[in-house]
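Derivation of every value follows stated rules applied to the coordinates shown; laboratory data play no part. Remember, it's a predicted structure, so these values are computed and weren't measured experimentally. Because the Cβ atoms are built from the backbone with ideal geometry, glycine has one as well, and the counts that use them run over all protein chains shown.
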Amino acid sequence: MLIDLETIDSKHIHPILTQTVIPRPVAWVLSTNPGGDYNLAPYSFFTVITSKPPILMVSVGKKPSDGSFKDTRVNLEARRQFVVHIGASEHAEAMTASSRHLDHGESELDQLDLQLVHEEDWPLPRVEGCPVALYCELREVIEMGDTPQSLVFGDIKRVFVDDRVGSINDQGRYVIDAQGIDPIARLGGSEYSTLGDILNVPRPD
């Protein structure tokens with residue numbers, strides 16, 4: 001079938017995109033609430049943008065209940081720093097549970113069996129057990145689309161990689177084991193995927 005997106009109701013477009021642009025990495029974003037505790041929320045419209053400078057982008061929608069900005073955007077604009085985690089498959093249930101819509105200022109961590117780890121010289125902690133965490137500062141927010149979506153751009157200041165999956169080779173290159181990260185990826189609806197088999201196809205010269 002050939003689907004002309006200009007001829008169908010907009011409510012049908014989102015599931016088409018989320019079921020065809022797959023798999024999508026999940027940004028599990030930790031930010032600071034007004035009371036000093038933490039908001040934790042997953043977003044699968046997410047990618048890195050550049051490496052010089054290192055920048056990532058997370059697309060944040062609005063609350064379906066009242067159309068207000070989600071806590072992630074509000075927190076980042078107020079306090080700037082955030083941490084993007086790459087969760088492993090063992091975090092699937094907790095990550096999904098953290099997508100629950102709460103009142104602004106309520107912390108998902110109060111309802112989840114997760115521990116936090118504080119690093120030196122960074123105001124926010126990371127979630128213990130996540131093999132990768134990207135420590136970021138807000139660069140800018142751009143609104144796009146009819147809803148609109150908030151495109152949140154962050155400067156990546158440092159990267160935590162669990163020692164079990166990261167190393168440095170003889171050439172000084174950082175080597176990170178994708179299979180060891182065991183990242184969870186978003187599909188459509190309530191479906192997720194893991195890496196499965198990894199193909200190694202050398203690039204041409």
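Compute the Rg to Rh ratio over the range 114-158 from the alpha carbon atoms, using the Kirkwood formula for Rh, and round to two decimal places. Display every interim value, and only then the final one.
Numbers: Rg = 14.0 Å, Rh = 12.5 Å.
Expressed as Rg/Rh, it is 1.12.
Run the helix sum for the chain: -39,500 (n - 2.57) per DSSP H stretch of 4+ residues, divided by residue count, reported at 222 nm to the nearest 500 deg cm²/dmol.
-3000 deg cm²/dmol
How far is the Cα center of the range 65-140 from the Cα center of the range 153-205, in Å?
The distance from the Cα centre of the range 65-140 to that of the range 153-205 comes to 20 Å.
Report the longest stretch of the chain that contains none of the trypsin sites (Lys or Arg not before Pro) sitting in a DSSP loop with at most 14 other Cβ atoms within 10 Å.
Within the chain, the longest run free of exposed trypsin sites (Lys or Arg not before Pro) spans 1-99.
Please get the size of the charge dipole for the range 1-94, origin at its Cα centre, with Cβ charges of +1 on Lys and Arg and -1 on Asp and Glu, quoted in debye to the nearest 20.
That gives the range 1-94 a dipole magnitude of about 360 debye.
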